[in-house]
Structure formats: C-alpha cells, structure tokens
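Q: Sharing a structure here in structure tokens format.
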Amino acid sequence: RAMNNEPTLTRIRKARQRISAKCGHDPLKLVEHYIEFQKQYQDKLIPPPQQRRGDIASDR
C-alpha cells in the first residue's frame, strides 16, 4: 500500500522525525518527551473519555 503524501501528513511525519532525532531515536527518551509535552500543554489537550464499565482495558 502506497504511503499517503498529502502535505499535512508529510509535515506531521517530518515533525515526528525531528522529535525522534532530538531524542536520539531512543524510545524511552521519546516517551519522556511526550509525557513532558502533555504536562506542559495539559490545559490545551482533550482528556480521554472515561472508561466504560465492562471495558476490557478497565479489567486490567
């Protein structure tokens, strides 16, 4: 399947590549980066929906 080269998706991919490079392509550093990003912009992010009763994820 061909990659979608829509300009917006291309910009998103490039931004993600820059962030990954900034973190040395280290998955743990990348997760830390996004956690800090979430803390910094917490008031601007939409919170996740509440887990429904009986949801598989809530049983863990």
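Readers should treat all values here as calculations from the given coordinates under stated rules, not as data from a laboratory. All values derive from a computational prediction rather than experimental measurement.
Q: By how many nm would the segment from Cys23 to Phe37 lengthen if fully extended, with 0.36 nm per residue of separation less the alpha-carbon distance? Let's see the in-between values first.
A: Working: separation 14, 0.36 × 14 = 5.04 nm, distance 1.32 nm.
That works out to 3.7 nm of additional length.
Q: What's the Cα-based Rg to Rh of segment 1-40, Rh via Kirkwood?
A: Rg divided by Rh gives 1.09.
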